[in-house]
1. Given N residues in the range 247-333, what is Rg(Cα) / (2.2 N^0.38 Å)?
2. Any chance you could run the full-extension gain for R105 through S274? It's 0.36 nm times the residue separation minus the Cα-Cα distance, nm to one decimal.
3. To the nearest 20 debye, what charge dipole does the range 247-333 have about its Cα centre, counting +1 at the Cβ of each Lys and Arg and -1 at the Cβ of each Asp and Glu?
4. Given H placed on each backbone N at 1.01 Å, which residues far from I289 in sequence or on other chains put an amide H within less than 5 Å of it?
5. Can you give the net charge of the other residues whose Cβ lies under 15 Å from the Cβ of R43, counting K and R as +1 and D and E as -1?
6. What FRET efficiency comes out for D319 versus R70 if R0 is 25 angstrom and r is the Cβ-Cβ distance? Round to the nearest 0.05.
7. Given a Förster radius of 30 Å and the C-beta distance between E210 and E134 as r, what FRET efficiency does 1/(1 + (r/R0)^6) yield to the nearest 0.05?
8. Non-local amide H neighbours of R252 (under 5 Å, H modeled in plane, Pro and chain starts lacking H): which ones?
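Throughout, read-outs are computed from the coordinates displayed, never taken from laboratory work. Computed from a predicted structure; not experimentally measured. Every residue, glycine among them, receives a Cβ derived from its backbone with ideal geometry; neighbour counts consider all protein chains shown.
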Amino acid sequence: MNSTEKVVIAGTPVEPGTATTITIPIPQLYTHTPLEMPVHVIRGKKPGPRLFVCAAIHGDELNGVEIIRRLIHKTNNSRLRGTLIAIPIVNIYGVIQHSRYLPDRRDLNRSFPGSEKGSLASRLANLLIKECVENSTHAIDLHTGAIHRSNIPQVRGDLKNPETVKMAEAFGAPVIIDSKVRDGSLRAAADDLGIPIIIYEAGEALRFEERSIRAGVAGIKNVMRTLGMLSRVKSGKEPIKPLVVSSSSWSRAPISGIFHTKIKLGEIINSNDSLGSIADPFGETEIEIQSKHTGMVIGRTYLPLVNEGDAVVHIAQTDAVETAADTFADFIER
Ligand SMILES: [Zn+2]
C-alpha cells in the first residue's frame with residue numbers, strides 16, 4: 001500500500017488535511033433497528049503511514065474504547081503525517097449486550113478474515129478487513145483480560161517481523177510477548193496481508209482502568225512518532241525498556257474451591273513460590289498452588305471462586321527478574 005494513494009472507506013473518499021466520521025452499515029437487529037459502525041478517519045496534509053487502531057472486537061473489553069476516544073480528541077490533522085483510521089467499537093452487538101461474543105455466539109476474533117456470505121461474525125470480520133485493514137499500512141488492536149481477570153499493560157506481536165518489533169518497542173508497555181498467531185484472529189489476517197500489527201492487552205473486561213488507558217493512549221502516540229506520523233517530543237523521557245518474553249503460562253486451580261492470594265500484578269515470582277491456596281468453603285481441605293516458573297505476574301483472576309482447571313495467575317517467564325522488577329517500577333512511576 002502506497003502511503004500517497006487515495007483513502008476510500010465504504011465508498012467515501014477522505015482528502016488530505018481532513019477529519020471525518022464514516023459510518024459503515026452492518027447487519028441490523030431483528031427489532032428492525034438499523035446498526036452502523038462509525039469509523040474515524042483523520043488524514044494529515046502530508047503523506048505518511050496509515051495506522052488502523054480498533055477496540056472492542058470483544059464487546060466486553062472497554063479500555064480500548066476509551067483509549068480511542070482520547071486518542072481522537074488529541075490527534076490534530078494539521079500536525080499529522082499520514083492517516084489515522086480508528087474504530088472505537090468493532091463488535092457493536094457485543095457492547096450492547098456487555099458480551100465478548102456476537103449474537104450468533106461466535107468470537108469475532110476467531111472469525112477473520114471472514115467472508116461476505118458467511119456467518120454474522122464472518123461478515124463483520126470481512127467488512128473490517130475490506131474497508132479498513134486493507135486501507136492500512138500498520139495496525140494496533142486493543143484488548144483487555146477476561147471478566148474478573150486483569151492484565152498488566154502488555155504488547156503482543158510477531159517479533160520475527162522487524163516493523164512489528166519497532167512498533168512493539170515504541171509502544172512503551174512494560175512487557176512484550178512474542179506470541180504465536182491464533183487462527184482466525186485479526187492479527188492472523190493482518191499478517192497474511194503483510195500488515196505489521198501489535199495487540200495491546202491491559203486491564204480487565206467491563207471496567208475502565210485508568211493506568212491502562214493512559215498507557216494505551218501514550219503507547220499509540222509513541223508508535224505514531226516512531227512511524228513518523230507525529231513529531232518527536234524534544235524533552236521526552238527515555239523510553240521504557242520493556243521485558244521481552246517468548247513464553248508465558250497460566251497456573252491453574254488443581255481443585256475447585258475458594259482462592260486466596262496476595263499476588264499482585266507486576267510481582268516477581270520464583271519457581272516453587274506460593275501463588276496462594278485453594279480451600280473448600282468449610283476450610284477442611286486447603287491446597288497451596290506453587291509456581292512452576294520464574295518470572296513476572298502479568299495477569300490474575302480477581303474472582304475468589306474457582307473451578308478445577310480455572311486459570312488463576314499468568315506468569316511471563318524470564319530469569320532476568322531484577323531487570324523485570326526495575327522495568328515495572330519505572331512504568332508505575334511514570
Ligand atoms: Zn480480547
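1. Numbers: Rg = 13.4 Å, N = 87, 2.2 N^0.38 = 12.0 Å.
It is 1.12.
2. 57.1 nm
3. Values: 5 positive and 13 negative charges, 40 e Å.
Using only the charged Cβ atoms, the result is roughly 200 debye.
4. Counting only residues 5 or more places away or on other chains, the set is L275, G276, S277, I278.
5. On the way: positive: K6, K45, K46, R50, R79, R81; negative: E5, E15.
With Lys, Arg at +1 and Asp, Glu at -1, the neighbours total +4.
6. Values: r = 37 Å, r/R0 = 1.47.
With a Förster radius of 25 Å, E is 0.10.
7. Numbers: r = 34 Å, r/R0 = 1.14.
My answer for the efficiency is 0.30.
8. Here the answer is V312, since their amide H atoms fall under 5 Å of that of R252.
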